[in-house]
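Student: Just dropping this structure here.
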Amino acid sequence: MRKSVLQLFLVFVLAPSLSFGQYDASPQQIDSLLEELASTPVDSSRTPILVNLWRAHINRDIDKAFGYADQLIALGKQLDNVPIQHTGYQRMGIAYSYIDDYPSSNTYYRKAMELSEKYQRYNSTAAMQINIAINHSIMNQQDSTLMYANKAIENFAKDNDSTGIGACYSVISGVYFNKGQYQLSLENSIKAMGIAERHNDHRNMKDAIRNIYKNYLKMKDTTNTVRYLKRLMQLNRADNDKHGLISDLTNLGTLYTNKNDSLEVAKKMLDESWELSQDMKFPSGQVSALYGLGKYHAKKDNLFEAQTSFKKSMALADSLEQIGNVVNNQLELAKIAIRENDMNNAASWANQALSLSKEKDFLEQQAQAYQLLSEIAMQQNRQSIALSYFKQYKMLNDSIYNIENGQRLSELQTIYETEKKEAEIALQQEEINTLNAKAKVDKLTKGLYAGGMASALALSGLLVFGYRQRMKKNKIAREKQEEIYKQEIAHKKKELASQTLHLVQKNTFIQELMENLENIKNSPEKFKMEFRRIVMLLKKENASDKDWEVFKTYFAEVHNDYDQKLKTIYPDISEKEIRLAAFLRMNLTTKEIAATLNVLPDSILKSKYRLKKKLALDKETDLSEFLNSL
């Protein structure tokens, strides 16, 4: 599940700076790529072949994927070609994320990021920062996630990349959601949705809306939860996204089971979800749909049908190792057994739910299980046991309440500090404006006064005026210098944070190396496999001082001035066309552009033809020369 989340973010957040996924190549196509690689000279034309070989193996043979990423890095160094080096580093970062080695993944993302930072390629720097943020989020390192996501926002803003900023807001929203700070999570999701709407970007819009309704659900705002779920369902129907539609129908249908006047609407939605999940052979969808149908039948007092649905859902969830869903079904089965006055069976289901929820530290489910066991004991006239269970329920419930209160207080503190910082910035700006206005008035007053004096007095007055003006200018200069110092200090703090993270990764590497050595010591038969892993780790960490070496230039997005110039001359030019124009302006070949964007050269040729046509150039005019002349 974690891998699918990571892939989703990397695909829609980071294009074009990062693109990856499985290259749907047959064995024959892979053989063809290998033959082509063998016959291709050692130049940049090898890049797209190596990238496609990497993509063909990333989901099939991870060791080979690592090998092709290594070849890309080596090729980039050999040719002194930074774009190829960067591609190799990012592919290596992705490969490590596939084996859940997120510290190593971050190491390679940082190598790619450093290539961008030296020459202020803001968009590419931001893309790597958001990748690192996502890795930290998966590792449940929420503060580091926020730090890198906010850095990425700053860099995306420098290139006016609102889509990238929207992706950052989504990541930040996820952090606050995990912290239980639902108001802040909601605010960031709404920002992400607004950006996606402006770009008519359905994929990012749907992710933002999904986060919004989840926050409203946690905040117990059913009206808004239903409103955004309906909107999400409309988008998924329009996009024919059946997996998304299954989730929407199930969630909305299950919500409606709590409303007596909407039970038949709930049944219709849950039936559709069940049929779709069967057609799509989507077992996770079937688990949820069956659970929702169980809730519907229980509400309608069809207890046998409810019991059947819950048991089917539980069996499927167990086969998929979805422990949370197993526990939820066990709790519902306990409730049905209580209604049927089958207390022994009820106690059995409740105890099973309690055991699993303790194992996985599910506090809310533990509380529900204790509450049910207390009720069962009361029905059995075992008052002392009922009281014991009730005390356990009350203690857990109070603990959950205290956690939620702590999260709310933390959220309020964050909001207060943010608003305070914004107010301070606004006040500083107002003071600067006031000072400038006063300087203008003083200048005018002194000038008029000096004009009416005798020449000697006028000269004296001008000297005084000049002195005061110099004092004011010096004051403003000192304030500006202080601000520069503050920014430098902030930068040093960020650098210190990066160094700290780097040291943490080194410690992780040492620990992993020790564990692999222990494996060899304890299991000699594993020597071959573990030895290869150790060699890979040592190769990765070799010459660690070079980890922070600043590399040469890296090609990414165009400079702001060139971007604006193109937009001014050709208002209808698209972002993709501006990107292609930037590549051509820096004299990259068609093959190099194709390698950077991971597309075929033919696709670039077609794009060049369309761009030339949009710029109204005749056949004799060379497109690259024209773009260089702007």
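A short reminder: the numbers here are calculations on the coordinates, not readings from a lab. Just so it is clear, the model here is predicted, and its values are computed rather than measured. Cβ atoms come from the backbone with ideal geometry, glycine included; neighbour counts cover every protein chain shown.
Student: Fewest to most neighbouring Cβ within 10 Å: what's the order for 310, 304, 66, 626?
Tutor: Details: 310 27, 304 10, 66 22, 626 15.
Sorted ascending by nearby Cβ count, the order is 304, 626, 66, 310.
Student: Also: For 207, 398, 318, what ranking results if the residue with the fewest other Cβ atoms within 10 Å of its Cβ goes first? Each step should come with its number before you reach the end.
Tutor: On the way: 207 25, 398 11, 318 14.
Neighbour counts put them in this order, fewest first: 398, 318, 207.
Student: Another question about this same structure. Can you give the three extents of the C-alpha atoms in the stretch 32-141 along their principal axes, from longest to shortest, in whole Å?
Tutor: 46, 34, 17 Å, listed from the longest principal axis down.
Student: Any chance you could list the semi-axes, whole Å, largest first, of the equivalent ellipsoid that the Cα gyration tensor gives for the stretch 171-259, using √(5λ)?
Tutor: With the √(5λ) rule applied to the stretch 171-259, the semi-axes are 19, 18, 10 Å.
Student: Would you please classify the overall shape of the stretch 231-342 from the alpha carbon gyration tensor, given that a ≥ b ≥ c denote the square roots of the eigenvalues, rounded means a/c under 1.5, and beyond that prolate means a/b larger than b/c while oblate covers the rest? The partial results should precede the final answer.
Tutor: Numbers: a/c = 2.46, a/b = 1.41, b/c = 1.74.
Oblate is the answer for the stretch 231-342, as a/c is 1.5 or above yet b/c matches or exceeds a/b.
Student: Taking H as built 1.01 Å from N, whose amide H comes closer than 5 Å to the amide H of residue 121, not counting residues under 5 places away?
Tutor: Placed amide hydrogens put nothing under 5 Å from residue 121.
Student: Further question on the same structure: In what order do 263, 316 fall by count of nearby beta-carbon atoms within 10 Å, going from fewest to most?
Tutor: On the way: 263 16, 316 21.
Listed from fewest to most nearby Cβ atoms, that is 263, 316.
Student: Provide the per-residue ³J(HN,Hα) series for the stretch 251-268, in order, calculated from phi with Karplus coefficients 6.51, -1.76, 1.60 and θ = phi - 60°, each as a whole number of Hz, with x at glycine and proline positions.
Tutor: 3J(HN,Hα) across the stretch 251-268, in whole Hz: 5, 5, x, 5, 4, 5, 5, 7, 10, 4, 7, 10, 4, 6, 5, 4, 4, 4.
Student: Now, a different point. For the pairs 111/206; 312/358; 206/612, note any where the Cα-Cα span goes beyond 30 Å. Don't skip to the end; give the middle numbers.
Tutor: Numbers: 111/206 32 Å; 312/358 23 Å; 206/612 35 Å.
The answer is 111/206; 206/612.
Student: Using a Debye calculation, one point per C-alpha and no hydration shell, please list log10 I(q)/I(0) for the stretch 186-235 at q = 0.28 Å⁻¹ in order.
Tutor: The computed values of log10 I(q)/I(0) come out as -1.02.
Student: How do 249-260, 340-351, 159-170 rank on mean C-beta neighbours within 10 Å, highest first? Before the final figure, lay out the partial values.
Tutor: Numbers: 249-260: 20.8, 340-351: 17.1, 159-170: 22.9.
The peptides rank, most packed first, as 159-170, 249-260, 340-351.
Student: For a Förster distance of 60 Å, can you work out the FRET efficiency between the beta-carbons of residue 315 and residue 606, rounded to the nearest 0.05?
Tutor: With R0 = 60 Å, the Cβ-Cβ based efficiency is 0.70.
Student: Sticking with this structure for a sec: Quickly rank 138-149, 217-228, 47-58 as a protection proxy: mean count of other C-beta atoms within 10 Å, highest first.
Tutor: Numbers: 138-149: 18.6, 217-228: 15.2, 47-58: 22.7.
Per-residue Cβ counts within 10 Å, averaged per peptide and sorted highest first, yield 47-58, 138-149, 217-228.
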